[in-house]
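This report concerns only the one structure given below.
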Amino acid sequence: MKYLTIIFLLFLGMAPGVAQQAGKFSVEHVYPIEASHSYVQFVATYMGYAKVRGSFDDFKGSIYYHPAFPENTSISFRVKVESVDTNNDWRDKDLKSANWFDSEQHPEITFISTGAKASSDGLVISGDLTIKGVTQSSEINLDAVIGVMQDTRGDDQVIFQGSHTLSRKSFGIEGRGWSAVKEGIASLSDDIVIEFSMLGKQINEGNATNFVRNAKRPPGKVYQAYKDGGMASLTSTFAELKDSIDVNPNLLKIVGYVLLKTGNKDHALAVFQMNAEEFPEDADVYDSLGEAYLHLGDHAKAKELYTKSWQLDADNYHAKEILRHL
C-alpha cells in the first residue's frame, strides 16, 4: 500500500517534501574516488640513499570540484592503515605495530580539506591531516588540474595528483630501533614523501544503462518492467523477485540511479524511497535517497538523509563530503 501511495503522488506531480528552489551546491560536481584507478604511495630514504616504497591499498573519499570555481574545491579522504604494503610481510607487520602506526589504536589516516587556492604549478589544498591520532594543518600541492574529462564510456572524471612531504616523527611515528645514526646518516629518514593520484568519477547516462542492459538479471528485469508498464509494473516485478530470490539494496539502487541519470527524477525518488523502506538499516539507501532529493532541489531533506547515512556508516566519506556543502 505504501508503494501505491508514492506512485499516486507521483502521478499527481506531488512528490512529498520536495522543494522547488535549488541551492548553489550541485551534486554533479562531487566525484567519488575510484580506487581501481587511483593510488596512495610513500617513499622513505634508508641509510641516506636507498629509496623504500610502500602503498596503502584501502582508501576512499570524494572530491568536490567545479572547473569554473577551483577555489571551492574540497576533499574528504581516509586510508586504512592495515592496508599498508611494502612488499615485505615482516616490515608490514612492524609498520602496523605500536612502534610505528599502531593500527589497532589508530586504524585510519584522514585528510579533510579546509580551503583551496591556485598556485603557479596547479592547486594547493589546505586541510587537517590526522595520523596516529595527531592532527596537523597541512598544504597539499596538486599538479595542474586538467579539468573535467569524459572517459571512453562517457563518464565524467577529474584527476588530482601530486606529492606531499611530511615529518613522520611529528605525528608520533617514531620507529624505535630504526633511528640509529651511522657515519652521520640516519638509518631511516624523518621526511616521508607521499605520492598520490586520485581519479574521481561521475557515472553518466550512457554507462549507467549498461547496468540494466541484461533483462535476465534482476536489475535489468526490474528496469524492463518499468519501461513496459511504469512504476506499477516495476513495483509488482520487484515484489515477485523478493519471493523468489534473496534481494539486496543494490538491486533498487541500480535501477534508481538509471532513472535519475535518464531524467526520471520523481520516479527515481520513489524507487530510492522503496529501497529505504525495504532496507532501513543500510547506510547506502539513505545516501542515494539524499542524492535524489538534491536533484529535486530539496537540500534540507537531503541533509537529513546524508546525516542518517553517515550515522549508520562512519566510513561513508562520500556522504561526509556532501554534508560539508549542505
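Key figures for this structure:
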| quantity | calculated |
| --- | --- |
| Listing of strands (runs of 3 or more DSSP E) fully contained in region 22-105 that carry 1 or more residues being of a type in the set (Ser, Thr, Tyr) and without any contact (Cβ under 8 Å) to a residue 40 or more places away in the chain | 50-56 |
| So Leu241, is it surrounded by 19 or more Cβ atoms within 10 Å (Cβ to Cβ) and of a type in the set (A, V, I, L, M, F, W, C) | no |
| Qualifying residue in region 277-292 (condition: modelled with pLDDT under 95 and surrounded by fewer than 24 Cβ atoms within 10 Å (Cβ to Cβ)) | no |
| Leading residue by the ranking (nearest to Pro70 (Cα to Cα)) among those in region 129-143 that are in contact with a Phe, Trp or Tyr (Cβ under 9 Å, 6 or more places away or on another chain) and either charged (D, E, K, R) or not assigned by TED's automatic domain parsing to the domain that holds Phe111 (or both) | Asp143 |
| Members of region 106-130 that are assigned to a loop (DSSP other than H, G, I, E, B) and either over 17 Å from Asp57 (Cβ atoms) or aromatic (Phe, Trp, Tyr) (or both) | His106, Ser119, Ser120, Asp121 |
| Single residue of Ile159, Ile146, Ile173 found to be in the same structural domain as Ala44 (by TED's automatic domain parsing), closer than 30 Å to Gly206 by Cα and part of a loop (DSSP other than H, G, I, E, B) | Ile146 |
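The values are calculated or read from the model by the stated rules, or taken from the named source; none is laboratory data. This structure is a prediction, so every number in the text was calculated from the model and none was measured. In this analysis, Cβ positions are derived from the backbone assuming ideal geometry, glycine residues included, and neighbour counts consider all displayed protein chains.
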